[in-house]
Every structure is written in structure tokens, then in C-alpha cells.
1. Return yes or no: is residue A:120 more than 10 Å from every other protein chain (Cβ to nearest Cβ), free of Cβ contacts under 8 Å to residues at least 40 places away in the same chain and in contact with a strand residue (DSSP E or B) (Cβ under 6 Å, 6 or more places away or on another chain)?
2. When the range A:30-51 is examined, which residues are found to be part of a loop (DSSP other than H, G, I, E, B) and modelled with pLDDT of 95 or more?
3. Among what's in the range A:37-74 and is away from chain B (no Cβ under 14 Å) and more than 20 Å from residue A:2 (Cα to Cα), pick the residue that is farthest from ligand 2 (Cβ to nearest atom).
4. Give me the residue from the range A:4-21 that is surrounded by fewer than 19 Cβ atoms within 10 Å (Cβ to Cβ) and closer than 26 Å to residue A:74 by Cβ and, out of that set, nearest to ligand 2 (Cβ to nearest atom).
5. Show me the helices (runs of 4 or more DSSP H) entirely contained within the range B:166-255 in which 3 or more residues are more than 16 Å from the chain's Cα centre (by Cα).
6. Any idea how many residues of the range A:150-179 are more than 16 Å from ligand 2 (Cβ to nearest atom) and either crowded, with 16+ Cβ neighbours inside 10 Å or assigned to a helix (DSSP H, G or I) (or both)?
7. Out of all the residues in the range A:126-149, which are within 11 Å of chain B (Cβ to nearest Cβ), part of a helix (DSSP H, G or I) and within 15 Å of residue A:99 (Cα to Cα)?
8. For residue A:69, which of the numbered conditions (1) free of Cβ contacts under 8 Å to residues at least 40 places away in the same chain; (2) within 15 Å of ligand 1 (Cβ to nearest atom); (3) not in a helix (DSSP H, G or I) fails to hold?
Ligand SMILES: Nc1ncnc2c1ncn2[C@@H]1O[C@H](COP(=O)(O)OP(=O)(O)O)[C@@H](O)[C@H]1O
Ligand SMILES: [Mg+2]
């Protein structure tokens, strides 16, 4: 069963910005899934459509098999969402906010009160349950939104940059908390523009840029791919097949060019030595830049301190 | 018990109750803004128009002016407060983004509309009660037909709660939620027979007044007290009922289309 299934999703805002350009995505039940992408990639728009805060221009979305077009109420009942921006009433108390939210999902008030105690305690907000929400610190406000999203015990929890602007200690305890929730069976989708966060938490990852998914893989495969570099070597003599060298992946691109994949802990010297031993002379070498690496570089620049 | 195990119906009923509780909480929390001003205004009207000027006016529609004025003032405060509650609560929720709490929930749009309208009804009724108590300090209120009084005040409150909702959906800034009350609602109310009987007006002005729905509402309500009206009470109720139906579907359609609420 897919927790989330998205097909051909497009969104053009009224001002003409095309935020999503035919996006496909599947997230399996039980997964801890990262959507990584720079600002403006379309992450919030995607979440907005899934949670029906944004209307889609075309495409299909279903949540645990409930299509948003035909089975909206049941689809919504499965989702808990922690938005990117604070969206609770600043003049209400944390307790009121979470108890009411449970009510909007049909949870009886007595049950909601018990859950409020449970989640506000788990997120270290219990002492603050009666204060006005606007007096909470940034980190507390984020945690309040997490508590609120859990009040109806959703099967799918979606968090849009939950740790933006949260200091390192609180970020780590939030990670720990989310890991536990996931282990208890809640599917989690998290957006971030910090690779480090995705690396720490998630099993699978999609990289989104310019309204499209440009990479969708397991975290470990992605990291392995980021550990390798590709070089294009121009050779003096014509080749008919790619030379075979133990420990390196080599592809023939055309009769004078080969592509060599080298992991970052291997040296370039070895490959040159092996090639000259085989009588192959290298004229020039250039680094092959791929889109993933480019993205990665941009993300690394964004890395949190 | 996860929400998915609940029936759609029980989610809706619990959700509606929660919206109503929250709206009631808001009215009580900011009571100095929601309940007090109308009591003060009504008192001033009774002192100035009722007691000082009213004594010179003598009878109106065959009744002591203060007894004639009281139903009008009650209705005026019901209208203002029903409208004001929904327009500021819903616009505030849009402005503070917490309307998203409802928009992501599994509650259908009609429940959201009904919930906010209930908030307007509660505030309208509470303030109506407060102003009635103020009125009793100045005059004696005769009751001709209690059913008509309650039906008229309920329907009027619903009409203006819905109107406030629609105003809030369209509004893009605070000016736009003040504009309609100042330039449309207040004039219609003042010309709507709150202070005088339209029989005092020349014919042409009486005809124009008939197009003002507030005139019908105020007169139906006053009929419940005094047993006299400038207009047909039956027609007044038809107008109120029709307004409720039309405005409700208008409001619902706006939410369904996402006007002012969804990008
Ligand atoms: N309400 C909106 N109206 C118009 N354009 C928008 C709106 N929200 C987002 N956009 C545009 O859509 C693109 C994707 O934005 P967003 O989904 O917020 O990206 P991300 O969350 O990945 O940073 C951006 O170019 C952004 O400027
Ligand atoms: Mg975003």
C-alpha cells in the first residue's frame, strides 16, 4: 500500500508561476521519506496540494488509496501536517489549539484532553499549555505544530521544513522524536533543504528541483552516488571498446572518449598508470558535472552550521 | 482510536461542536470588544432618543416612543454583532492563517459555514439579550407573540452572520471588512425602521424603503412585541428565509471554489 501516490501533478499559480511540472511520486507505507530541494523547488506547493490548501492544475493524488478527487474526507483524515509557516491562532493557548484541532478531526473532547497531555508532554510544552501561543519561542511554536498534527494520530505525517530556524539541540531531540513516531508505524514525509537532516533521518529520498523530481532513490544509494565522481577522458588513439581496469567503472562514450567513475577515496594516479600500462595515452581530462552533483553542491552551500 | 475509524457523520458533528465551542470561547475571551460596546450604544440611544428627545416625540405608530424604539435597537445590535462576529473571526483566521486548521481537516465546507454562522448567532443572541435587559431599564416591553420574536431574531442573525462570512471571504485587508458595515450596513439599518415608522415618510420614500430587507426584519420583530407592523409579516419571513438560503449557498460556493482561501 502506498501512503502517498502522486501522478502527473502540475500547478500553475494565478501569477503564471509554474511551480510543479508533471510530478510523479510514491511513498510506501511506513517509510521515512525526505523531499530535498532548494528554495522555490515546489516542495511546499506539493504539500499544499496533498493537504488541499492549494488547488492542483492537473494530475492525481491519493493517500492510502483514497483519491483526493473522489474520497477527499477520508484522505484528509489520514494526514497530519506541520506547515512551513506558523498557522495557529497566536491568541489561543497551546492546549486549546491542540484540543480543538483534534475536534476538527472528530476526536471527542475527553479523548482529546488526554492526548493533549500526552503529546504536549512528549514535546516539552506541558508547562506552557496555558500561555498565549505568541509568547512561545520559535522552537516551541514548531513543536506545538507537531503536537497539533499528531492529535488525531494520523497514518501519514507530513512536515514542511520542521527544523528551519530551530537550534541544534532542539533539532536533535526533534529528530529523535520523529524516529520514534516512525518506528511506531507512522509514515513520515519531511521536506528540507539540508542534506544532513535527510541523511540522519530518512530511508528514501526524492530530490525536487524546478517542479520536477530529478532523483528518487534510497538514501544509501544516493549517498553512494554522491561519493563517486565521473571524468571524461579524451584519448589519442581510437578505441573500439572500453578498457577494463579492476576496481573502476569505465564506459566508452565515443571512439576517442571514455567515462571513468572514481569514488572519492580512489586516486586518479592509479587510473593513469593502469591506462598507460595498457598503451592508452590520455590527451585531456575533464570533470563531468551531473545535475545531481550540481544540486548537491547547492545544498552543501546551504548546510546548517 | 484513529480518526479514520470514525464515521463521517460523527467526525462532522464533533467538528461542528468544536467550531462552535471555539467561536464561543473567542466571544467570551474578548468580551470587552464583543459584548460591551452594544450595551453602551444602546444605553446612549435610550438616554438621548428615548428619554430626552423621545419625550418631545410623543407617540410613534400608536405607542410610547421608548416602547417603539426598543425592538429596533435590539434588532440593530443583533444585526451589527452577528455580522461583526463572523466577519472579524473568519477574516482574522484568514489573516493569521489558522483557517488552515479547518481547511486541512476532513470537515466538509458546509460544516465550516454552519460553524461560523453559529458563532454569529451566539454573539447576536447574547448581545440581543444584553440590549433587551438595558431596554427594560428604560421601558416596559409588551410581548405580543414570542414565537415571532424568536424566529425573526434568529433568521435575521443568520442572514447577517452569512453576509459577514461572505464579506470576510472576499476581503483582502482590514479596510475591506470595515467598508461594508460602514457604508452599507449602517445606512440600511438607520433607514430600516429602527427609529421611526415608514408611515411618516412621503410615498416615494416608502416605496424605496420597501426594497430594504432590514425594514422587513425590524418590522417583523417589532410585530412580535407590539402586534403592529409597517409591512406584511408573512412577506418579511419569506424575505428572511430566502436571504438565508441564497447567502448560505453563495458562501458555500465560495469555499468550494477556494475563493480567498486556497491558492
Ligand atoms: N501563492 C503563490 N502564488 C504564486 N506563486 C507561488 C505561490 N507559492 C509559491 N509560489 C512559487 O512557486 C514556486 C515553488 O514554491 P514553493 O512550493 O514554496 O517551493 P519550496 O517550498 O520548495 O521552497 C516558487 O517559484 C514560488 O515563488
Ligand atoms: Mg517551502
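The values are calculated or read from the model by the stated rules, or taken from the named source; none is laboratory data. Source: prediction; values computed, not measured. We place every Cβ from the backbone using ideal geometry, glycine too, and count neighbours over all the protein chains shown.
1. Working: more than 10 Å from every other protein chain (Cβ to nearest Cβ): yes; free of Cβ contacts under 8 Å to residues at least 40 places away in the same chain: yes; in contact with a strand residue (DSSP E or B) (Cβ under 6 Å, 6 or more places away or on another chain): no.
Considered against the rule, which asks whether it is more than 10 Å from every other protein chain (Cβ to nearest Cβ), free of Cβ contacts under 8 Å to residues at least 40 places away in the same chain and in contact with a strand residue (DSSP E or B) (Cβ under 6 Å, 6 or more places away or on another chain), residue A:120 comes out as no.
2. Kept after step one, since they are part of a loop (DSSP other than H, G, I, E, B), are these residues of the range A:30-51: A:30-31, A:37-42, A:51.
A:30, A:31, A:42, A:51 - these are the residues of the range A:30-51 that are part of a loop (DSSP other than H, G, I, E, B) and modelled with pLDDT of 95 or more.
3. A:58
4. Step one: list which residues in the range A:4-21 are surrounded by fewer than 19 Cβ atoms within 10 Å (Cβ to Cβ), which gives A:5, A:7-8, A:10, A:12-18, A:21.
Add one more test, that the residue is closer than 26 Å to residue A:74 by Cβ, and what stays is A:5, A:7-8, A:10.
On the way: A:5: 21, A:7: 22, A:8: 21, A:10: 18 Å.
The qualifying residue nearest to ligand 2 (Cβ to nearest atom) is A:10.
5. Working: elements: B:174-180, B:186-190, B:203-210, B:213-226.
So the answer is B:174-180, B:203-210, B:213-226.
6. Filtering the range A:150-179 for residues more than 16 Å from ligand 2 (Cβ to nearest atom) gives A:150-157, A:167-179.
Cutting the leftovers down to either crowded, with 16+ Cβ neighbours inside 10 Å or assigned to a helix (DSSP H, G or I) (or both) gives us A:150-157, A:168-179.
So the count comes out to 20.
7. Within the range A:126-149, A:133, A:145, A:148, A:149 qualify.
8. Checking residue A:69 against (1) free of Cβ contacts under 8 Å to residues at least 40 places away in the same chain; (2) within 15 Å of ligand 1 (Cβ to nearest atom); (3) not in a helix (DSSP H, G or I), the one that fails is (2).
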